[in-house]
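Below is one structure, written out as structure tokens; comments come after it.
The values are calculated or read from the model by the stated rules, or taken from the named source; none is laboratory data. Remember, predicted model here, so these are calculated numbers, not experimental data. As a convention, Cβ positions derive from the backbone with ideal geometry for all residues, glycine included, and neighbour counts pool all protein chains shown.
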Amino acid sequence: TKNWVLMVTAQCPTNIAVIKYWGKRDESLILPINDSISVTLDPQHLCTTTTAAVSPTFDTDKMWLNGKEISLSSGRFQSCLREIRSRANDVEDQEKGICIKKQDWEKLHVHIASFNNFPTAAGLASSAAGFACLVYSLSKLMNVKEEQGKLSAIARQGSGSACRSLFGGFVKWVMGNEANGNDSLAVQLASETHWDDLVIIIAVVSSHQKETSSTTGMRESVVTSPLLHYRSKEVVPKRIVEMEKAIKTRDFALFARLTCADSNQFHATCLDTSPPIFYMNDTSHRIISYMEKWNQFEGTPQVAYTFDAGPNAVLIAPNRKAASLLLQRLLFYFPPPSDTELSSFVIGDKTIVK
Ligand code: PMV
């Protein structure tokens with residue numbers, strides 16, 4: 001019979017960089033100009049769920065994002081599909097009487113349905129979870145036998161930050177130096193249980209789509225910002241070493257100092273870009289001032305903040321007690337949503353992926 005459908009569903013959380021990736025040295029392979037480090041979030045709150053299906057009745061590859069069909073024609077999707085297909089293996093499902101041979105995958109088409117449980121393209125790294133989940137679900141559907149690091153290098157070709165979502169806990173994206181990008185992949189620095197006191201709160205300042213995509217922003221920064229090149233050569237390599245130490249020893253003060261400094265330098269490179277890019281807004285700036293004052297008052301960091309390509313604040317507290325104090329203060333100083341500052345909060349523990 002030709003009427004069968006075989007499908008796989010996977011879930012993948014997003015990740016938040018604490019040492020940022022900004023700038024590519026190769027646009028089509030998505031190779032970065034510096035290493036980066038991130039923490040993978042709890043899949044309950046910020047994750048993508050993707051179902052990948054194959055059937056002989058499908059006559060083209062198709063994809064839906066949050067229920068709306070999207071085009072797969074971009075190089076990013078094509079790279080991920082091509083790389084996974086070329087590694088496909090035999091698949092058998094005796095119950096359904098399905099037997100797909102390795103060579104059949106070149107002719108078969110897939111349908112992919114993906115849902116985000118958080119706002120798409122609002123600086124909450126939706127593409128990270130999205131491409132990681134796409135690659136992971138396709139690799140399971142096609143019985144790809146590569147290890148996770150290799151899959152991360154494929155997800156990287158969809159969206160750079162996606163490579164880091166293939167692992168839980170703390171993850172480093174090693175920039176690599178091979179021209180073909182084979183060594184530009186993610187490695188896990190510490191598992192999701194290593195530092196499980198940390199609590200992450202995301203203050204959603206705005207869930208509107210950002211004005212400048214990270215692709216365009218990076219391209220403009222690489223060409224016009226002298227600060228970006230100084231940062232990638234002189235600042236990030238040292239910060240990576242320090243951050244690995246902070247994570248290994250669970251040194252929250254060091255972790256917080258590095259995280260805040262790196263977020264601020266990333267946004268400074270955006271301002272240093274011509275024309276300047278503004279990802280943060282007044283509310284973001286007020287959150288930073290407030291957190292800085294609080295940390296200073298206490299004498300030692302109580303909270304780390306970081307902002308990606310959007311105005312939403314990612315706040316990291318060392319434990320539940322500090323997190324509940326933080327939340328009380330946020331609600332008091334930034335009351336939702338009447339005089340509307342923050343529209344919602346997402347609270348998540350740092351944990352694993354699948
Ligand atoms: O992978 P992209 O193109 O979504 O870029 C991500 C860029 C930042 O989120 C700002 C930083 C990072 O390392 O995730």
- [ ] Tell me, please, whether a residue that is within 30 Å of Y21 (Cβ to Cβ) and in the same structural domain as I154 (by TED's automatic domain parsing) can be found in the stretch 87-103.
- [x] yes
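Results for (1) more than 30 Å from D26 (Cβ to Cβ); (2) small (G, A, S); (3) in the same structural domain as M291 (by TED's automatic domain parsing); (4) touching a strand residue (DSSP E or B) at 6+ places or on another chain (Cβ under 6 Å), shown as yes or no for each residue.
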position	(1), (2), (3), (4)
A203	yes, yes, yes, yes
E211	no, no, yes, no
E220	no, no, yes, no
F252	yes, no, yes, no
Task: Unique residue being crowded, with 23+ Cβ neighbours inside 10 Å and either of a type in the set (A, V, I, L, M, F, W, C) or part of a strand (DSSP E or B) (or both) when the list is L134, L72 - done: L134
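So how many residues does the stretch 7-30 have that are within 12 Å of the ligand (Cβ to nearest atom) and either part of a strand (DSSP E or B) or buried (at least 21 other Cβ atoms within 10 Å of the Cβ) (or both)?
Filtering the stretch 7-30 for residues within 12 Å of the ligand (Cβ to nearest atom) gives 14-24, 27, 30.
Then keep just the ones that are either part of a strand (DSSP E or B) or buried (at least 21 other Cβ atoms within 10 Å of the Cβ) (or both); that gives 14-24, 30.
Of the residues in the stretch 7-30, 12 are within 12 Å of the ligand (Cβ to nearest atom) and either part of a strand (DSSP E or B) or buried (at least 21 other Cβ atoms within 10 Å of the Cβ) (or both).
Is it the case that the stretch 35-43 has a residue that's crowded, with 17+ Cβ neighbours inside 10 Å, touching a residue at least 24 places away in the same chain (Cβ under 8 Å), more than 14 Å from the ligand (Cβ to nearest atom) and in a loop (DSSP other than H, G, I, E, B)?
Taking the stretch 35-43 as the starting set, the residues that turn out to be crowded, with 17+ Cβ neighbours inside 10 Å are 35-43.
If we keep only those that are touching a residue at least 24 places away in the same chain (Cβ under 8 Å) too, we end up with 35-43.
Restricting the remaining residues to those that are more than 14 Å from the ligand (Cβ to nearest atom) gives 42-43.
Now restrict to residues that are in a loop (DSSP other than H, G, I, E, B): 42-43.
Yes, the conditions are met somewhere in the stretch 35-43.
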TODO: Look at V205 and say whether it is within 16 Å of the ligand (Cβ to nearest atom) and either crowded, with 19+ Cβ neighbours inside 10 Å or among the aliphatic types (A, V, I, L, M) (or both).
DONE: yes
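Can you list the strands (runs of 3 or more DSSP E) lying wholly within the stretch 274-354 that have 1 or more residues being modelled with pLDDT of 95 or more? Step through it out loud before you land on a result.
Numbers: elements: 304-306, 313-317, 344-349.
Per the criteria, 304-306, 313-317.
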Task: Sole exception among (1) within 13 Å of the ligand (Cβ to nearest atom); (2) at pLDDT 95 or above; (3) surrounded by fewer than 21 Cβ atoms within 10 Å (Cβ to Cβ) for T269, by number - done: (3)
